[in-house]
Every structure is written in structure tokens, then in C-alpha cells.
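See structure below.
The values are calculated or read from the model by the stated rules, or taken from the named source; none is laboratory data. Note that the coordinates shown come from a computational prediction; the quantities given were computed from them, not determined experimentally. As a convention, Cβ positions derive from the backbone with ideal geometry for all residues, glycine included, and neighbour counts pool all protein chains shown.
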Amino acid sequence: MDKADIANDYIEWRTEQALKAREYQPSALASRAICKECDEPIPAARRKALPGVQLCVTCQSVLEGR
């Protein structure tokens, strides 16, 4: 096994560890029911489709420059 293989294995291991750690932080994925920009409700379907969503569609579009 050369240095590149060792580095790749390490990166894969660290990525797995980071993903597992995130699974145990449900608040990191908690969606907001109310948009943090305009205080309008965020539809349940959007919150379900995008865990961790913080903005309504309109505010997200403005943020992304659409």
C-alpha cells in the first residue's frame, strides 16, 4: 500500500466519522417552520423534502439571485 492509498483510506474513514456524528445531531437538520428572513410559514412539504431548510422558496430564490 502506497502513501496515496493510505491517504485515501484516511479520508474515507474521516468522512464516515463526520457523517455518523451528524446523524446524532438532529438539531443540525431541524427545519424551521417559519422563514428566518420574512417570517412567513415554510410549507411542510418543503421542510420534509429539504431537511434543515431555513428559508421559504421566495427568500431562497432571492438569496440565490434568481
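Data table
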| item | result |
| --- | --- |
| Search result, residues across the range 27-65 that are part of a loop (DSSP other than H, G, I, E, B) and among the small types (Gly, Ala, Ser) | 30, 31, 33, 52, 65 |
| Residues satisfying the stated conditions in the range 1-15, i.e. under 22 Å from residue 52 (Cβ atoms) and over 16 Å from the mean Cα position of the chain (by Cα) | 14 |
| Close pairs from the range 42-59: first exposed (fewer than 15 other Cβ atoms within 10 Å of the Cβ), partner small (Gly, Ala, Ser) and at pLDDT below 95, Cβ under 9 Å, at least 6 apart | 44/33; 48/31; 50/31; 51/30; 51/31; 52/28; 52/30; 52/31 |
| Answer residue from the range 16-41, given it is surrounded by 11 or more Cβ atoms within 10 Å (Cβ to Cβ) and within 15 Å of the chain's Cα centre (by Cα) and is modelled with the lowest pLDDT among those | 28 |
